[in-house]
């Protein structure tokens, strides 16, 4: 699949329609963030840097180390947007991440991971969700643009009803709260926001066949326009209180029919792996959430 090839006119029109609707419906601004104020550098020995008074974050990776940051506050539910410009050129073996996670062996986690590639090949967007320490819920996608040429917005909505992943306002994945079916859902553990760039040549590119070319180092990814509209968790309490559903539009947000159509379009045309169809990986039966009859693709 060559993401640099030109789209046919009808696909161009459809994408323009998708992004226009997405802009008005989903990219409503949250509270503008500042990397100096909102994040601390957690590792990397100088490889993580902020620019323009905290408006831009760059993470670098060389043969000695990668780098990463962690938010200073935790949240329990929220809408989070981040613009990323991924490592250009031969980025095989590298992984840039942007995710939410709690702590401990039974942690919850919501992941965006961007798997590097050989020059001219598309990036893979790797998504995963952990509940009570258990993951194995991967879905992977190609993108319909070159994510190294410019910044693009990657977003989470995490509320009591569902987790929704967006790319430039277009939904690519939904994980619904199916606790009524006995399926755990992340809703009791507050999470921090993380970003990192690290070497995963043992699995990231073609299952580890293509290794990191260190002659291309240092590899650098850039982050900007971090926005958060979240329920801040502090001293065992949420900043949202009991009126979160009325105060924060995302708190009860689900996909309408138009958004479900866009989700289906992305998953039909750009999904390259779905754990819910991998019967070889789960010979004893697919995970229970894969077989529950829901109204949206998940």
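What follows draws every value from the coordinates through simple rules; no lab data is involved. All values reported here derive from a predicted model rather than from experimental measurement. In this analysis, Cβ positions are derived from the backbone assuming ideal geometry, glycine residues included, and neighbour counts consider all displayed protein chains.
In terms of surrounding Cβ atoms within a 10 Å radius of their Cβ, 224, 187, 237 rank from fewest to most as 237, 187, 224.
Which of these, 60, 102, 180, has the largest mean-square fluctuation under a Gaussian network model of the chain (Cα springs below 10 Å)? Evaluated over the chain, the most mobile residue of the options is 180.
Where does the chain land at 222 nm, in deg cm²/dmol rounded to the nearest 500, when only DSSP H runs of n ≥ 4 count, each adding -39500 (n - 2.57), divided by all residues? Can you show the working numbers first?
Working: 5 runs with 44 residues, N = 298.
That calculation yields -4000 deg cm²/dmol at 222 nm.
Kindly rank 32-39, 116-123 from highest to lowest mean number of other beta carbons found within 10 Å of each residue. Walk me through the numbers before you get to the answer.
Numbers: 32-39: 17.0, 116-123: 18.6.
Result, highest mean Cβ count within 10 Å first: 116-123, 32-39.
Taking the centroid of alpha carbons for each part, region 65-134 and region 164-206 are 8 Å apart. Remark: 290, 75 ranked as 290, 75, counting other beta-carbon atoms within 10 Å and listing the fewest first.
Indicate the gyration tensor shape class of the chain (rounded, prolate or oblate), computed on the Cα atoms with a ≥ b ≥ c the square roots of the eigenvalues: a/c under 1.5 is rounded; otherwise a/b larger than b/c is prolate and the rest oblate. Judged from the Cα gyration tensor, the chain comes out rounded (a/c under 1.5). Using a 7 Å offset from Cα along Cα-Cβ at residue 188, what residues in region 93-113 end up with backbone N under 13 Å from the label point? Zone members listed by number: 106-108.
Placing R0 at 22 angstrom, the Cβ-Cβ distance between residue 277 and residue 179 gives a FRET efficiency of 0.40 after rounding to 0.05.
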